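Structure first, then comments.
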Amino acid sequence: MTDAQVLVVGGGPAGASTAWHLARAGVDVVILDRARFPRDKPCAEYLSPEASRILAAMGALSRCEGAGAATLAGMSVRAPNGACIRGDFAAAHGFRGFRDRGLALRRHLLDAIVLDSARAAGARVEEGVRVTDLAYDARGAVCGVHAVNADGRSRVLRAPLVVGADGLRSVVLRRLGLARHAWAPRRIALVAHYEGVEGAGAYGEMHVEHDGYLGIARVDGGLANVALVVPRAHARRAAGDPAGFMDRWIAARAHLAPRFARAARVSSVRATGPFAQHARRAWAPGAALVGDAAAFYDPFTGEGIYAARRGGELGAPALCDALAARTPRAAHAALAAYDRARRRAFAGKWKVERVIALAVAFPALMNHAARTLSRRKDMADLLVGVAGDFVPPREVLSWRYLARLVLPLP
Ligand SMILES: Cc1cc2nc3c(=O)[nH]c(=O)nc-3n(C[C@H](O)[C@H](O)[C@H](O)COP(=O)(O)OP(=O)(O)OC[C@H]3O[C@@H](n4cnc5c(N)ncnc54)[C@H](O)[C@@H]3O)c2cc1C
């Protein structure tokens with residue numbers, strides 16, 4: 001006997017989006033999440049203009065706006081040498097996003113709204129249920145999960161398909177043995193909300209320094225999200241006293257310290273990391289991976305929430321095909337098609353993320369690129385549009401663009 005047609009492990013953006021699409025297609029789907037919503041998640045909380053398209057499709061955009069989501073006109077980046085780049089989402093390059101603005105909403109509000117949408121579409125949601133392992137059938141295909149309820153009771157839930165949407169440190173990814181070990185920046189992040197950060201306005205800000213970067217974005221309630229990302233080498237000092245570490249890092253920057261002089265931290269400082277994770281492929285017999293469980297690289301370009309939702313949008317039709325398949329072979333082919341669709345959808349953005357990570361890791365490169373982009377608003381707009389998920393990555397991966405970026409300015 002099965003408990004559902006699909007079990008989705010994790011009710012964050014990836015799991016809720018996948019379940020929403022499945023429920024709308026008439027699939028009996030259960031979301032299992034170890035947390036109880038509203039739950040928090042350390043994040044810079046910026047949503048790209050294209051993320052609004054998926055929120056609108058799920059009927060969640062007006063609720064996010066009603067919850068007071070701040071709007072962002074674009075992004076600004078300050079390089080270690082002080083050169084500043086500013087790019088707008090609404091620009092003259094001819095590409096338009098679903099909206100001309102990004103949004104920023106605290107995750108405990110955003111994720112609860114999106115999970116509610118999945119519930120309203122017909123998904124069943126079980127909170128306070130921690131998945132500990134996968135269950136396998138006689139052929140070695142995944143056929144369910146082992147879970148522990150909040151009261152400590154263990155149980156096995158069965159379904160023909162299991163979706164791992166359980167984020168960084170995904171238990172589903174690990175149990176499937178699909179984690180790929182590749183080079184990635186090993187960083188940790190400290191995140192907090194502040195009141196009264198001077199000048200936190202219409203643009204999301206990134207301040208890149210030799211020893212990390214700081215993001216500032218206005219969110220709902222007149223607050224600012226402040227996210228500090230530093231190399232993992234700082235982890236021990238940061239973990240011992242995250243608030244003190246963050247205060248000292250900001251106070252040591254002459255361009256940032258005055259802006260925080262009258263600011264008050266209104267949340268605890270939450271630490272997370274390291275965050276790079278990549279699956280060799282996003283499926284196995286009886287299972288699929290979505291969101292951070294399938295891939296996450298670095299928060300600099302801030303599109304994980306969009307990618308998680310888009311993953312659900314891409315995955316649901318393939319999961320429906322796999323459920324309808326008459327043979328295991330046909331079901332595997334459907335899941336493999338999902339993996340290919342993901343690669344097609346995200347490959348360009350993955351390359352851009354890696355180029356940016358390289359520039360962040362080598363300040364001389366960042367300084368040079370920032371000098372160029374600060375004088376070439378058209379190029380900055382294109383890059384910000386790619387980060388906003390509505391300009392095709394090929395626009396900034398072309399030889400023409402890259403040559404202009406690295407060659408000396410006339
Ligand atoms: C410092 C930082 C800043 C970021 N800033 C941004 C940004 O500004 N914009 C942006 O778009 N993205 C940002 N991201 C990325 C973004 O947070 C993630 O990509 C996004 O949350 C992925 O969604 P998800 O649903 O895959 O995972 P999650 O949001 O992590 O959700 C996973 C869910 O699974 C549940 N879960 C985990 N394990 C289990 C288990 N064993 N059993 C049951 N449930 C389980 C968790 O409780 C959670 O609810 C940032 C990331 C970091 C680290």
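Points to keep in mind about this one:
- Screening ARG169, ARG174 for residues that are assigned by TED's automatic domain parsing to the domain that holds GLY286, modelled with pLDDT under 95 and among the charged types (D, E, K, R) leaves exactly one candidate, ARG169.
- Extreme residue, farthest from the ligand (Cβ to nearest atom), among residues of segment 16-35 that are more than 21 Å from VAL191 (Cβ to Cβ) and in a loop (DSSP other than H, G, I, E, B): GLY26
- Unique residue being within 20 Å of SER76 (Cα to Cα), surrounded by 14 or more Cβ atoms within 10 Å (Cβ to Cβ) and charged (D, E, K, R) when the list is ARG375, ARG354, ARG342: ARG354
- Whichever residue in segment 290-304 is acidic (Asp, Glu) and near the ligand (Cβ under 7 Å from one of its atoms) and, among such residues, is nearest to the chain's Cα centre (by Cα): GLU303
- Candidate set from segment 113-148 (those that are more than 19 Å from ALA288 (Cβ to Cβ) and in a loop (DSSP other than H, G, I, E, B)); member that is farthest from the ligand (Cβ to nearest atom): ALA138
- Scoring ALA284 on the criteria (1) of a type in the set (A, V, I, L, M, F, W, C); (2) crowded, with 19+ Cβ neighbours inside 10 Å; (3) within 14 Å of the ligand (Cβ to nearest atom) leaves a single failure, condition (3).
- Which numbered condition LEU55 fails, given (1) within 17 Å of the chain's Cα centre (by Cα); (2) not small (Gly, Ala, Ser); (3) not assigned by TED's automatic domain parsing to the domain that holds PHE300: (3)
- The residues listed here are LEU110, LEU157, LEU103; of these, the one that is of a type in the set (A, V, I, L, M), within 30 Å of ARG371 (Cα to Cα) and within 15 Å of the ligand (Cβ to nearest atom) is LEU103.
- Test: residue in segment 242-259 that is in a loop (DSSP other than H, G, I, E, B), more than 16 Å from the ligand (Cβ to nearest atom) and of a type in the set (Lys, Arg): yes
- Helices (runs of 4 or more DSSP H) wholly inside segment 267-383 that include at least 3 residues being not assigned by TED's automatic domain parsing to the domain that holds ALA56: 328-361, 363-375
- The residues listed here are VAL172, VAL226; of these, the one that is closer than 30 Å to PRO285 by Cβ and buried (at least 22 other Cβ atoms within 10 Å of the Cβ) is VAL172.
- Which numbered condition VAL191 misses (of (1) within 15 Å of the ligand (Cβ to nearest atom); (2) part of a helix (DSSP H, G or I); (3) more than 16 Å from VAL6 (Cβ to Cβ); (4) not basic (Lys, Arg)): (2)
- Among the residues listed as PRO13, PRO38, PRO49, the single one being near the ligand (Cβ under 10 Å from one of its atoms) and either surrounded by 22 or more Cβ atoms within 10 Å (Cβ to Cβ) or over 30 Å from SER374 (Cβ atoms) (or both): PRO13
- The listed residue being under 21 Å from GLY215 (Cα atoms) and either within 16 Å of the ligand (Cβ to nearest atom) or out of contact with any strand residue (DSSP E or B) (no Cβ under 8 Å at 6 or more places or on another chain) (or both), out of ALA307, ALA325: ALA307
- Verdict on ASP88 being closer than 27 Å to ASN149 by Cα and out of contact with any Cys (no Cβ under 6 Å at 6 or more places or on another chain): no
The values are calculated or read from the model by the stated rules, or taken from the named source; none is laboratory data. Since we're looking at a predicted model, the values are computed, not measured. Neighbour counts run over all protein chains shown; Cβ positions are idealised from the backbone, glycine included.
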